[in-house]
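Asks: One structure, pasted below without further comment.
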Amino acid sequence: MKRVKVSNNVIRRLPRYLRKLDELAAAGVSRISSGELGRQLGLTPSQIRQDFSCFGEFGQQGYGYKVTALRAEIANILGMDRGYTAVVVGVGNIGRALMCNFDFAQWGFTLKAAFDVKPELIGTEVEGVPVYHADELERYLTENHVDAAVLCVPKQLAVANTERITRCGVNAIWNFTNMELTAPESSTIVENIHFSDSLLSLSYFISEDLDEKAARAARINK
């Protein structure tokens, strides 16, 4: 598939489309218009058509989109059918929670190994994934092709482990250390995950709603 430069905002919306199409398929919906899809996602029909036009023409005017076909196209765009591999670095609370509760395979990644320093974890398996000592990380990454490292180490170890991973040529890091990481000296892509971002966005919208209600009440009571 030919790759074109697409804005980050469009890319961030693609997983939302994918989830919604999965819901529609599960509900037995076979076809949907851009208007109805937009209504369910809180987007305008023109925004949806514009997003999809970045990758080709997936619908038919007057017919809409075939749910399963559009889902397959988006999955292909997102690389879900490419068989990517991943490892977890740090099997603490977040690392273990991801391994036990997040279905990597559903989203196109096979979790191959995990790494930690706790003696009680070394040589065990978590959800069928072997746990190796952190000292084995470079050897493993050198001997095995790994597309992504899921980084879940304590914050103070984030930079050092990022350097170890990038030196081994891993394509990407999914960073859960709550520290903003970059890899400017390498080609490694870093996706920084901050749980607080979503909560603070929610806080903003709550504040905005309360302020609007207070302003309306003030006007009424004048």
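The values are calculated or read from the model by the stated rules, or taken from the named source; none is laboratory data. Since we're looking at a predicted model, the values are computed, not measured. Using ideal geometry, Cβ is built from the backbone for each residue, glycine included, and neighbour counts are taken over all protein chains shown. In case anyone asks, the SASA skips ligands and DNA or RNA and just uses the protein heavy atoms, side chains included. Shrake-Rupley method; radii C 1.70, N 1.55, O 1.52, S 1.80 Å.
Asks: Just read off the accessible area of Glu163 with the full protein assembly in place, 1.4 Å probe, to the nearest 10 Å².
Replies: Using a 1.4 Å probe on the heavy atoms, I get roughly 90 Å².
Asks: Is the C-alpha gyration tensor of region 112-209 telling us rounded, prolate or oblate? Criteria: a/c under 1.5 is rounded; beyond that, a/b larger than b/c is prolate, otherwise oblate.
Replies: Prolate, because a/c is 1.5 or more and a/b exceeds b/c.
Asks: In the neighborhood of Ser187, defined by Cβ-to-Cβ distances under 15 Å, what is the net charge if each Lys or Arg adds +1 and each Asp or Glu adds -1?
Replies: -3
Asks: Let me ask something additional. Could you name the lysines in cross-link range of Lys5, using Cα to Cα under 29 Å and dropping any fewer than eight places away on the same chain?
Replies: Reachable lysines: Lys20, Lys66.
Asks: When the solvent-accessible surface of protein heavy atoms is calculated with a 1.4 angstrom probe, in what order do Met179, Met80, Met99 fall, highest first?
Replies: So, going from the largest accessible area down, we get Met179, Met80, Met99.
Asks: Amide H to amide H under 5 Å from Tyr84: which residues, 5+ apart in sequence or cross-chain, H placed 1.01 Å off N in plane?
Replies: Thr110
Asks: Would you calculate the volume per residue, in Å³, of the smallest convex hull containing every Cα atom of region 34-120?
Replies: Roughly 124 Å³ of hull volume per residue.
Asks: While we're looking at this one, here's another question. Rolling a 1.4 Å sphere over the protein heavy atoms, what is the accessible area per residue of the chain, to the nearest Å²? Mind showing how you got there, number by number?
Replies: Working: 13540 Å² over 222 residues.
Heavy-atom SASA per residue in the chain reads 61 Å².
Asks: Show which lysines lie in cross-link reach of Lys118 when reach means a straight Cα distance below 18 angstrom and same-chain residues fewer than eight apart are skipped.
Replies: Excluding near neighbours in sequence, the set is Lys155.
Asks: May I ask for the Rg/Rh ratio of the chain, computed from Cα atoms with Rh as the Kirkwood radius, given to two decimals?
Replies: Result for the chain is an Rg/Rh of 1.06.
Asks: Not counting ligands, DNA or RNA, and with a 1.4 Å probe, what is Lys66's accessible surface area in Å² rounded to the nearest 10?
Replies: 110
Asks: Can you show me the helix-derived [θ] at 222 nm for the chain, built from DSSP H runs with n ≥ 4 at -39,500 (n - 2.57) apiece and divided by the number of residues, rounded to the nearest 500.
Replies: -14000 deg cm²/dmol
Asks: Moving to a separate point now. Keeping every protein chain in place, order Arg96, Arg13, Arg19 by accessible area at 1.4 Å, biggest value first, i.e. largest first.
Replies: Result, largest first: Arg19, Arg96, Arg13.
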